[in-house]
Amino acid sequence: MQQHFSLAECDVVGFDLDHTLCRYHLPQSARLIYDSFAQYLVTEKGYDEDLLVLAPDSLDFCCKGLVLDIEEGNFLKLAEDGTVLRASHGTKSMTFEEILENYGRREWKHFNTVSGMVSRTAKYYLYDNYFDLPGALLCARVVDSLDQHDGQKKYDFWKDMVAAIQHNYKISAFKENCGMYFPEVKNHPDKYLQRCPESVKKWLKQLKNAGKILLLITSSHSDYCRLLCEHVLGNDFEEYFDILITNALKPGFFSHTPNQRPFRTLENDEEQEALLSLDKPGWYSQGNAIQLYDLLKKMTGKLDPKVVYFGDSMHSDIFPAHHYSNWETVFILEELLGDKGTVPAKAESEPLEKKGKYEGDQLKVPYFESKRWGSFFMDRLPGLENAEETLVHTWSCKCISTYSTIAIPSLEAIADLPLDYRFTRFSSNSSATAGYYPSPPRALLPNEDSVTMK
């Protein structure tokens, strides 16, 4: 495979919506998501009311790449070989000795499954995006509460957590004003949503003018998608895209066959009959990558059109698009913003009145590097029997270089580049930092002291 990647060589450019094209104000959205789940557990399932109260720095617990071992009530940070680097039982950090006693110095028992398909199962849950992350803190606090009251050894709260998620995010919730999440975003979009920078809108038009086919593929339902797009892109948002696919139910969109997941038309945001094939551009619901690709062949007149897809979730976007569809993938990784070296100059020059408009007494959300969990990319593994500790890549970091073509902090970071700009791609024969743009995370650079074991 060639060493470089260029958008100019792609025929089709696809985008996820949430946290990719539509960026959120993270402190506000994190609090809303946490509250929406907690409220349901307390009022509908009888959980402890203390769950509704949050300490200002408590969201530091949230860190992408954590895996919840559901039955044990333990959160795990995994090394690239599957060994446990850090762990907590509920919100309580486990010592190195406790980790050794519970998990040993060998790969975690579910590692083959989770790493093979970047998957989730009834036994564990992978937290890899900002919609999920506040739920990690809630689950950890539920474990604390159950330990305090019931002294449980195996946990069965997960079914209630799933019910809370479904109650707030189900397809009909937006229309019915059900749950806390959608009504609140509807009423205060500016509080939660960041407007799309002019540079990105101009770039989308530039891609279209260069003859690229533009796709929007989101698991959000059409009514919520419309609210987001009108707010961040403007009322003419449909003009940016040739094909819009909502309720895509990723990662299934990439892995399911046309029979399992046909496309459907929409009428007033209601899904209509299943389509036998996808014949023309437009706005559709559900669907599958196989029939989409057939349409892209027709639209481009090419047997093998080259597709690149931008997304923020390894589980829903990057892994399945790479693994099932063999698309190029650009991973939106806001953790790269935690490194001062990679913040675009423009981001630093935001006027003060724009910053902090909703901050006040808000929770601090230092998502970019959790004090509790350390670097998203690297960590230190203590040595056994007085041996020296070693620096190791995390499993999350390994996934990035395995399944992404490149990784960037935001679309804005590349919007001003010429379309024929040649990015150095991740590949097995290049360095571990090659695919990060505009620069690698500091934790991956040699002699970096910022990776610490607390």
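Helical content of the chain, expressed as a calculated mean residue ellipticity at 222 nm, amounts to -8500 deg cm²/dmol (DSSP H runs of 4 or more residues, -39,500 (n - 2.57) each, divided by residue number, nearest 500). Ligands, DNA and RNA are left out, and with a 1.4 angstrom probe the accessible area of the chain is 44 Å² per residue. From the alpha carbon centroid of the stretch 94-132 to that of the stretch 218-236 is 34 Å. Only one residue of Ser172, Phe131, Gly82 has its Cα farthest out toward the positive end of the dipole of the stretch 55-198, where Lys and Arg carry +1 and Asp and Glu -1 on Cβ, and that residue is Ser172.
The alpha-carbon of Lys205 sits under 13 angstrom from the alpha-carbons of these aspartates and glutamates, leaving out residues fewer than 8 places away in its chain: Asp236, Glu238, Glu239, Asp242, Asp416.
The residue among Leu266, Cys63, Gly282 whose Cα reaches farthest toward the positive pole of the charge dipole of the chain, with charges on the beta-carbon of Lys, Arg, Asp and Glu, is Gly282. In order along the stretch 206-217, the phi-based Karplus estimate (6.51 cos²θ - 1.76 cosθ + 1.60, θ = phi - 60°) of 3J(HN,Hα) comes to 4, 4, 5, 5, 7, x, 6, 8, 9, 10, 10, 10 Hz; Gly and Pro are listed as x. Considering the stretch 26-188 at the alpha-carbon level, its Rg and Dmax are found to be 16.1, 51 Å.
Once the Cα atoms are used to define both axes, helix 158-169 deviates from the longest principal axis of the chain by about 30 degrees. Surface composition of the chain: carbon and sulfur atoms hold 48% of the protein heavy-atom accessible area at a 1.4 Å probe. Think of the chain as having a plus end and a minus end, set by charges on the Cβ of Lys, Arg, Asp and Glu; of Val142, His322, Cys196, His322 sits farthest toward the positive end of this dipole. About the Cα centre of the chain, how large is the charge dipole given +1 on each Lys and Arg Cβ and -1 on each Asp and Glu Cβ? Please answer in debye to the nearest 20. For this selection, approximately 860 debye. The three principal axes of the Cα atoms in the chain give end-to-end lengths of 62, 51, 50 Å, sorted in falling order. Scanning residues 5 or more positions from Tyr124 or on other chains, those with amide H under 5 Å from its amide H are Ile70, with H placed 1.01 Å from N in the peptide plane. A straight Cα-to-Cα reach below 13 Å connects Lys250 with the aspartates and glutamates Asp16, Asp18, Asp312, Asp317, residues fewer than 8 places away in its own chain not being considered.
Working note: Karplus 6.51/-1.76/1.60 with θ = phi - 60° gives the stretch 256-270 the couplings 8, 8, x, 5, 6, 9, x, 6, 10, 7, 10, 9, 6, 6, 9 Hz, where Gly and Pro are set to x. Taking amide H as placed 1.01 Å from N in the peptide plane, the amide H of Asn129 sits under 5 Å from none that are at least 5 places away or on another chain. Residue by residue, the stretch 84-97 carries 3J(HN,Hα) couplings of 8, 8, 9, 8, 9, 9, x, 8, 8, 4, 8, 6, 4, 5 Hz when phi is fed to the Karplus relation 6.51 cos²θ - 1.76 cosθ + 1.60 (θ = phi - 60°); x denotes Gly or Pro. Cross-linked pairs Lys212/Lys306; Lys201/Lys306; Lys170/Lys280; Lys64/Lys398; Lys123/Lys153: Cα-Cα separations exceed 19 Å for Lys201/Lys306; Lys170/Lys280.
Computed from point charges on the beta carbon alone (+1 for Lys and Arg, -1 for Asp and Glu), the dipole magnitude for the stretch 26-188 about its Cα centre is near 520 Debye. Helix 289-300 and the longest principal axis of the Cα set of the chain meet at an angle near 30°.
The values are calculated or read from the model by the stated rules, or taken from the named source; none is laboratory data. Bear in mind the structure is a predicted one, so any value in this text is a computation, not a measurement. All Cβ positions, even for glycine, are placed from backbone atoms using ideal geometry, and neighbour counts span all protein chains on display. Side chains included, ligands, DNA and RNA excluded: accessible areas come from the protein's heavy atoms. Shrake-Rupley method; radii C 1.70, N 1.55, O 1.52, S 1.80 Å.
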